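Below is one structure, written out as structure tokens; the observations come after it.
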Amino acid sequence: MTSRSDLSIKVPVDGSVPAKAFVLEVHADDPDAYLFEIAGRGNVRDTDDAFLSRVFAPSAAEFWVDRLQPRFWVFHTTGPSAPAAAWLKDRVESRRDTDWMWLPSAHLRYIAPDAQPRRVRTEFDGQRLVGSDDAARDLKVQLSGSHAERLLDRITDLPDYRSAVSFSNIEVDLNDPDLGSLRESVRRWGAFAAHGEQFTHHALFVQMVIGRYARLVESIEALSLRFDPLNEENAAALKDTDTGGASFAGMPIGIRFSRPVPDLPAFCEELFSSRAPFRLWGQPVITQDEALVEAVDLHVGQRIRIELGNDWMRVYLYAGSCGNTIARLISNLQTRFDGALALTHPDLQVAVSLKPDTAPAR
Amino acid sequence: MESRLIPVNAILDLALADGLNPAPLADAGWAVAALEVPVRASGQTVVCDVVLFNPQAGHLLAVEAKSGANLEPEQGRRLAALTPDLLVIGGGITVPEPVPLRCGVLYACLAENADRICLGADEAGLRVPVLAVSGSDARLLRPQAGDPLLSAALSSPAVWTHPIARVVPFDHESPAEAFDEPVRAELISAMARQRPSITIRALTEQAVRHFPIYGRAAQGRLLRGVRDAARRAAEAEPERFRYERSTGATEERVAVLRSPETFDRRGRTQGYQAVWGSRASRARRRAEIPGQMDLFSELDEAERVATEEESDNGSEGDGDAQ
């Protein structure tokens, strides 16, 4: 049997290959059964830690699956990253209760307060959603160097280009007096590669990123629309009448774009085409300046209602729905349409941008 | 949005601080507590369309959202007779601070009907403020008849900067076609989840998320609206869905006969696009061949594998992966 402390040996960050970590968002009532289901019962081994399992993925790698955060599982491995990701992707795409972690741009830009960015990349691809005459339709920049993020910050300061800057990858150096030095490379879909002195440093870093993302998802879910039948006592008193009544909570989630939607019908055709990365199904009803869509997020198979205007979007998420749907929508819109979009709810904007006082004025 | 539903949605929008339209009621401290609240007083029941509660001020606002131009005097008198405790109990409202409670009534109507509503209130001897909602703004009429807090909050018109939010997008009186899109979306959701079938009852509760606010008769009409929409959806896609009447063993339901989820991954997108109308698929780029490897690009290939689009739309890999 293996304990958690053995992870530093099983997944060394100081070896000849980087240690990788992939984060999946999982909705599992019975985590053990879920793991058996996705990996095959014979491929799962218990450890001394109730939240840590060893998984042998045929044709992929050996994973050490950490379920300490019940909703966000970390798949650690030192195996080759491509087959590992392919194996995980099969699990994500074949299920409706599993998804990646979709980091907003700012969660990479401000990955850790004491981090020294050394490489950054933006992969903005607006070919399908941005107008052909826009100043910045496509932007791919990769820079290595001390404080590499500053270049993208400078581009962001240019009004014509700010909407095309979205952090896709970042690599940072971290130095801790107790945990030593660590280099981390992070992708917006929740993949990490690390090399350094201590595995614990890497694991804590991953958990820190997850924790911040979890707060965003929970903040989104706190705003989901909820209609609950009024209390039974009241209903009993009114049993002779044909009345209903429900308490209400939540509100729509607003997104404000920094660039206009160039062609609303074409934009909707692409956004609701069921295609990756959005994977939204919908048949928009388009009026003069607004589109109404009863959409389905095919990643998780849940319905969301969306209204879309020239420079805004309103999303109705219902109680019981997964906030990851909105987080993914935000992250994908940032890399495909507007890297400078803003959430109109102040708390959500802080959770997305990681900066207070950035909520747009009403 | 059906004009009938504009007043109730306008009230909700003014009280929801979602950051798009102005929300003076939310800014002043009111929040939406409940919808369609039945309150029984003196042996009679009156239903409040919306109840707003301002916990700091201890103020409850019973809102009557008029879909038309007629004010019913008897209903108005019942609303005016409501007390804070009845609204708190009826609405199941939690009062977090021990503040003195008070309440008031607000009528909301379309601006084009505002004169008649005001006239009706005068004739009935009702001293109530009226919120007139137009396509451009919402303005409080007869502010002197309302609580000073309300008058202050709506001292100037609330100008819509965006379309009014559709929290109640349709109801039991809506035309048949209003049910089509939500029902179809829920059927696609069932497909995506690989559910073999969904009962009409479950479909109704999913498609009409505000279902609990209605009484039995209205719920029955909503269920019929959903059933009709589901039948239309199934008839339009007989190879994918089948409407099935209830039997001794099964409830009335829609069976999912064929789902794109059973296709190869590369065929799923087209499978979904084909439901209720095909959609032309544009030519898509192929993935590029990955290149060199170092720590920064260690995950490139993994990312390509994990996030590549379907076969006819390759990913945007930058070629520096392993």
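The values are calculated or read from the model by the stated rules, or taken from the named source; none is laboratory data. Please read these numbers as outputs of a predicted model, since none were measured by experiment. Ideal geometry is used to build each Cβ from the backbone, glycine not excepted, and the neighbour counts take in all protein chains shown.
Filter region B:234-269 for residues that are charged (D, E, K, R) and without any contact (Cβ under 8 Å) to a residue 24 or more places away in the chain and give the result. Give the derivation first.
Here is the first cut: in region B:234-269, the residues charged (D, E, K, R) are B:235, B:237, B:239-240, B:242, B:244-245, B:251-253, B:258, B:261, B:264-266, B:268.
Passing the criteria: B:GLU235, B:GLU239, B:ARG242, B:ARG245, B:ARG258, B:ASP264.
Restricting attention to region B:267-277 and to residues that are within 11 Å of another protein chain (Cβ to nearest Cβ) and part of a helix (DSSP H, G or I), the residue that is surrounded by the fewest Cβ atoms within 10 Å (Cβ to Cβ) turns out to be B:ALA274.
Table: residues versus (1) part of a loop (DSSP other than H, G, I, E, B); (2) within 29 Å of A:ARG259 (Cα to Cα); (3) in contact (Cβ under 8 Å) with a residue 40 or more places away in the chain.
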{"position": "A:LEU143", "(1), (2), (3)": "no, yes, no"}
{"position": "A:HIS147", "(1), (2), (3)": "yes, yes, no"}
{"position": "A:PRO159", "(1), (2), (3)": "yes, yes, no"}
{"position": "A:SER181", "(1), (2), (3)": "no, no, no"}
{"position": "A:VAL186", "(1), (2), (3)": "no, yes, yes"}
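Only one entry of B:GLU123, B:GLU36 meets the criterion of being among the acidic types (Asp, Glu) and surrounded by 18 or more Cβ atoms within 10 Å (Cβ to Cβ), and that entry is B:GLU36. Restricted to region B:127-221, the set of strands (runs of 3 or more DSSP E) holding at least 2 residues that are more than 9 Å from chain A (Cβ to nearest Cβ) and in contact with a Cys (Cβ under 7 Å, 6 or more places away or on another chain) comprises B:130-133.
Among the acidic types (Asp, Glu), more than 14 Å from chain B (Cβ to nearest Cβ) and outside any loop (DSSP other than H, G, I, E, B), is that true of A:ASP114?
Values: among the acidic types (Asp, Glu): yes; more than 14 Å from chain B (Cβ to nearest Cβ): yes; outside any loop (DSSP other than H, G, I, E, B): no.
Criteria not met by A:ASP114.
Listed here are the strands (runs of 3 or more DSSP E) enclosed by region B:1-116 that have at least 1 residues being more than 9 Å from every other protein chain (Cβ to nearest Cβ) and in contact with an Asp or Glu (Cβ under 8 Å, 6 or more places away or on another chain): B:44-54, B:59-65, B:102-110.
Just checking, which of A:ASP66, A:ASP90 is without any contact (Cβ under 8 Å) to a residue 12 or more places away in the chain, of a type in the set (Asp, Glu) and closer than 22 Å to A:CYS322 by Cβ?
Numbers: A:ASP66 fails: without any contact (Cβ under 8 Å) to a residue 12 or more places away in the chain.
Answer to the check: A:ASP90.
How many of the residues in region B:146-160 are among the small types (Gly, Ala, Ser) and either without any contact (Cβ under 8 Å) to a residue 24 or more places away in the chain or at positive phi (or both)? Qualifying residue count for the region: 3. Each residue in region B:185-200 was checked for being in contact with a Lys or Arg (Cβ under 9 Å, 6 or more places away or on another chain) and either more than 26 Å from A:ASP97 (Cα to Cα) or not hydroxyl-bearing (Ser, Thr, Tyr) (or both), and 10 pass. Entry remark, region A:172-198: residues being farther than 18 Å from A:HIS147 by Cβ and within 24 Å of the chain's Cα centre (by Cα) number 9 in total.
Does region A:244-262 hold any residues that are assigned to a loop (DSSP other than H, G, I, E, B) and either buried (at least 21 other Cβ atoms within 10 Å of the Cβ) or within 8 Å of chain B (Cβ to nearest Cβ) (or both), and which are they? Steps first, answer last, please.
Kept after step one, since they are assigned to a loop (DSSP other than H, G, I, E, B), are these residues of region A:244-262: A:244-245, A:250-252, A:257-262.
A:GLY244, A:GLY245, A:MET251, A:PRO252, A:ARG259, A:VAL261 - these are the residues of region A:244-262 that are assigned to a loop (DSSP other than H, G, I, E, B) and either buried (at least 21 other Cβ atoms within 10 Å of the Cβ) or within 8 Å of chain B (Cβ to nearest Cβ) (or both).
Okay, residues lined up against (1) in a loop (DSSP other than H, G, I, E, B); (2) surrounded by fewer than 23 Cβ atoms within 10 Å (Cβ to Cβ); (3) within 10 Å of another protein chain (Cβ to nearest Cβ); (4) touching a residue at least 60 places away in the same chain (Cβ under 8 Å):
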{"site": "A:ILE220", "(1), (2), (3), (4)": "no, no, no, yes"}
{"site": "A:ASP242", "(1), (2), (3), (4)": "yes, yes, yes, no"}
{"site": "A:PRO265", "(1), (2), (3), (4)": "no, yes, no, no"}
{"site": "A:LEU292", "(1), (2), (3), (4)": "no, yes, yes, no"}
{"site": "A:ALA295", "(1), (2), (3), (4)": "no, no, yes, no"}
{"site": "A:ARG303", "(1), (2), (3), (4)": "no, no, yes, no"}
{"site": "A:ARG328", "(1), (2), (3), (4)": "no, no, no, yes"}
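Being in contact with a helix residue (DSSP H, G or I) (Cβ under 9 Å, 6 or more places away or on another chain), surrounded by 20 or more Cβ atoms within 10 Å (Cβ to Cβ) and under 19 Å from A:ALA194 (Cα atoms) holds for only one residue in A:VAL130, A:VAL74, and it is A:VAL74. Restricted to region A:267-290, and to residues that are part of a loop (DSSP other than H, G, I, E, B) and among the hydroxyl-bearing types (Ser, Thr, Tyr), which residue is farthest from the other protein chains (Cβ to nearest Cβ)? Ranking the qualifying residues of region A:267-290, first place goes to A:THR287.
For region A:305-322, the set of residues classified as in a loop (DSSP other than H, G, I, E, B) and crowded, with 22+ Cβ neighbours inside 10 Å consists of A:LEU317, A:CYS322, listed by residue number. Among the candidates B:VAL226, B:VAL256, the residue that is within 14 Å of chain A (Cβ to nearest Cβ), more than 27 Å from B:ARG166 (Cα to Cα) and modelled with pLDDT of 95 or more is uniquely B:VAL256. Residues in region A:53-93 that are among the charged types (D, E, K, R) and more than 14 Å from every other protein chain (Cβ to nearest Cβ): A:ARG54, A:GLU62, A:ASP66, A:ARG67, A:ARG71.
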